[in-house]
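Structure first, commentary second.
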Amino acid sequence: MRASRRCLALALALGGCADVCERAAAVAADLATAGAACGVGTSPLSLDVAACRATLPRCSGDDLGTIGEYEDCVTALPECTPATRADFNARLTACATPMAALGRGCLAP
């Protein structure tokens, strides 16, 4: 298991590591910046951190790993330009696709 997955799992159990929901909010803001030139995230992307935290108890360790991998993937995206729009969108879709497998109620009100 990767260190980031262990860290995310421990975040719930021990309150250690970076807060999953705060990191998700920061990743959403980074995505808005990286995708701005291509119209991705042109409206302010925001995440209700309190609502996110309320759903975390319904997330399994695997869910938390998937969330961490999504956050890592999005953070690694290069800044989009009009010339790289198709590649950027394809990479963003590849980042997001595994999120569809999150357990029921994980990150959902």
Give me the distance in nm between label points sitting 7 Å out from Cα along the Cα-to-Cβ direction at Ala76 and Ala32, one decimal.
2.5
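Just to confirm a number: summing +1 for Lys and Arg and -1 for Asp and Glu over residues other than Val49 whose beta-carbon lies under 11 angstrom from that of Val49, what do you get? Working shown, then result.
Numbers: positive: Arg23, Arg53; negative: Asp19, Glu22, Asp48.
Here the charged neighbours net out to -1.
Each reported figure results from applying straightforward, stated rules to the coordinates on display, with no laboratory input. These numbers come from a predicted model, not from an experiment. When we count neighbours, we look across all protein chains shown, and the Cβ atoms used for this are built from the backbone with ideal geometry, even at glycine.
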